[in-house]
Amino acid sequence: VIKVELEGKTKEIELHPISKGKSLTLKDLILELAINLEDYILVLNGEVVTEFESPKDGDSLKLVRVWSGG
Amino acid sequence: VVKCLCGKPAVFILDQPFCKEHFEDWLKVSVMSELDKYVGSDDVLAVAVSGGKDSTTLLDIVNSWGKSRPVAICIDEGIKGYRDKSLNFLKKFCRENDIELKVVSFEKQMGKTLDSFLKIRDQKGLDLKACTICGTFRRYLLNQAARELGATKILFAHNKDDELQTLLMNLSTGNLNQISTKGELGGLVDEPIFVVRFKPLMDVSEKALATYAVLNYPTLPGEECPNLRESVRYKSRIALNRVESTNPGSKDNLMTVYKETILPAARKSVSSSRKIIKCSVCGEPTSNWVCKACEIKRKLLN
């Protein structure tokens, strides 16, 4: 199970391998959440990571929206 | 784990994965090479800042570039609960980095805050978007403030996404005139009354800048303008991000076509027809008898 924080709300998502021998990546998780990867920065356990990272049980993922205005 | 060439975990992927340190180096080198290309030794630099991610990053890099001491200019539009937070962050940032900051407010210079102008707009039922009022007054005041400070160039933190959104908006309205004034060195460079506008972040994506801000400025307020969603820009942003996510590399391709073909063609097409005169009301530069800022002010206040 991974804890996901998105737009101020937290939910728990069960991790499962997407196919035999291939572990789930954050990119797969984002696709499941039906959000656009282009719009978010991924912060896994407090560290900025890429979408190719594989989450582990107990991890905490924060999706920081790429905010406009500079 | 995707790793940088140095072996450390990657935080961002460009043409290759970059760790935090190399990602930051890449961004600094990219911006500084733009500064080296377009800023001369006689140039006096002003940086348009808001306390947001893009302009804070730009100001930080220009300041550490070391070849010019920039003055920061911030326009306080008066958006309660939004600008006050970013202004507080900006004041602290400038103080800590020994950067001169000039704050110019709508309330003092244009007579009212943006919040008040929007109330009047709604009461009068005027067809004016918040961004039209804000953007026009902001550009007007920035040019004026930069000129008064003796700046020869004013640096804007417009990123790649901003530039492409603007392009999309101008293409959809067929506004070749507006397209011709954009690009890295924008504005009417032949007119001394206009301070030359320079955009050193034009090749850097919004996501890269947001990532840099998350990594470097943990107390920076990451809020969006409350008026954002009524803008055409917001819709352009969603459209471009959708295209990029289904066809990665689209934004880069569009940027290449824009710089190599659209921009030169637009400039060639309108350069001979553009004439600049002084606004009959305020004396600031305009291509019409009355400048757009005075026209909007008249609609709102008369």
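The table for this structure:
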| read-out | value |
| --- | --- |
| Contour excess over end-to-end distance, with Cα ends at B:Gln178 and B:Asp43 and 0.36 nm allotted per residue | 46.0 nm |
| Crossing angle, helix B:53-65 versus chain B [Cα axis fit, 0-90 degrees, rounded to tens] | 70 degrees |
| Integer Hz, Karplus 6.51/-1.76/1.60 couplings in order for segment B:264-269, x for Gly and Pro | x, 5, 5, 5, 5, 5 |
| Residues of segment B:240-254 buried by at least 40 Å² on assembly (accessible area, 1.4 Å probe, chain alone as reference) | B:Asn241 |
| Cα centroid of segment B:229-267 to Cα centroid of segment B:209-223, whole Å | 24 Å |
| Alpha-carbon Rg with Dmax, taken over the protein assembly as shown, Å | 21.8, 74 |
| Anisotropy class of segment B:4-109 from Cα gyration tensor, a/c 1.5 cut | oblate |
| Sulfur and carbon atoms: percent of accessible area, the protein assembly as shown [1.4 Å] | 51 percent |
| For segment B:18-29, Karplus couplings with θ = phi - 60° (6.51, -1.76, 1.60), whole Hz, Gly/Pro x | 10, 6, 3, 4, 6, 5, 5, 4, 4, 5, 5, 5 |
| Long-range HN-HN contacts of B:Ser105 with modeled amide H, under 5 Å | B:Asp76 |
| Accessible solvent surface per residue of segment B:39-106, calculated while the other protein chains remain in place, 1.4 angstrom probe, Å² | 40 Å² |
| Sites matching trypsin sites (Lys or Arg not before Pro) across segment B:1-103 that sit in DSSP coil, with at most 11 neighbouring C-beta atoms within 10 Å | B:Lys80 |
| Percentage relative contact order, chain B, counting C-alpha pairs under 8 Å, at least six apart | 17 percent |
| Contact order relative to length of segment B:103-227, as percent, for alpha carbon pairs under 8 angstrom and 6 or more apart | 24 percent |
| Between A and B, accessible area buried - total, square angstrom, nearest 100, 1.4 angstrom probe | 2000 Å² |
| Relative contact order (percent, whole number), segment B:187-302, Cα cutoff 8 Å, 6+ residue spacing | 13 percent |
| Size of charge dipole - segment B:189-302 - debye, nearest 20, with Cβ of Lys, Arg +1 and Asp, Glu -1, no other charges | 460 debye |
| Listed residue (B:Gly174, B:Leu254, A:Leu24) projecting farthest to the positive dipole end of the protein assembly as shown, Cβ model | B:Gly174 |
| Solvent-accessible area per residue for segment B:181-302 (1.4 angstrom probe, square angstrom) | 52 Å² |
| Loop sites in segment B:216-274: trypsin sites (Lys or Arg not before Pro), DSSP, at most 16 other Cβ within 10 Å | B:Arg274 |
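The values are calculated or read from the model by the stated rules, or taken from the named source; none is laboratory data. Since this is a predicted model, take the numbers as computed values, not measurements. Because the Cβ atoms are built from the backbone with ideal geometry, glycine has one as well, and the counts that use them run over all protein chains shown. These area figures cover heavy atoms from the full protein model, side chains too; ligands, DNA and RNA do not enter into them. Shrake-Rupley method; radii C 1.70, N 1.55, O 1.52, S 1.80 Å.
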